[in-house]
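Working notes for the structure below.
The values are calculated or read from the model by the stated rules, or taken from the named source; none is laboratory data. Just so you know, these numbers come straight off a predicted model, no measurement behind them. No Cβ is skipped: glycine too gets one built from the backbone with ideal geometry, and neighbour counts run over all protein chains shown.
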Amino acid sequence: MDDYEKTTRREEHTYEQIETAHANIKKDPVFNLSLKKWLQIVLLPLLTVSLLSAGLILTVVYFSMYDFIFKLETKMENNYAFLMTKQNTSATAIHDLVNEGRGTKELLEQRETVAFSAYRSSSQTLSYQGETVIFDGVWTNVGNGYEPSTGIFKAPHPGLYHLTAVVCSNKGRNLDVYIYHNNLWKSRRYLSGDGYKFGTFDVVFNLEKGDTVHISSGQTQTIYYSSQFRTIVFSGYRIT
């Protein structure tokens, strides 16, 4: 037998084996099931398992999302509480700083030096009752409380003030002057007789900020001036 015949027989034998296997497969009850049976036996369980798996996954995802949202909400509440606490703390700190600033300002005002000393640069005729003596020359004016154009001292800060003044009558003339705190006179000096007469004021006033002190006449008269000695002076300083 030649090679050709051998090959042909092997092929025929192979085909026979395939046909036999195909016939055996058709005889298997599994392959004789209808489509409905296939769905019931195979696909339906698979689908059920798939749905259960999907439900389990959704459940896991749901609880994971719930846990995430709960933690986020808790964190937001904690942050809000922290911010409110910080805001209240900041408001309290600002209030304390304001009070501290006020206290510092008051302390600085208490330590603020106020002092003035002024003189009369020429004689002044007091032509009516209540006319203010103008001490137009200034030696010292720390705190700028004294105004030389008006003769009035205005307290730039509250406190106790020591105030003095020296006045002198013209030769042989009477002199009647008063020292005023605001619009109320506090002390009087009346000078009379021959020659030049000197009168002095030496007082301590408790002044509020803006209070005024000045010296005014009681009647028409002339305040004497000495260009050599500058005898007419008005001075004061803050004690505390």
### Message
Just checking, does the range 201-214 include any residue being modelled with pLDDT under 85, surrounded by 14 or more Cβ atoms within 10 Å (Cβ to Cβ) and over 18 Å from Tyr119 (Cα atoms)?
### Response
no
### Query
Which is at positive phi and in contact with an Asp or Glu (Cβ under 9 Å, 6 or more places away or on another chain), of Gly195, Gly151?
Gly151
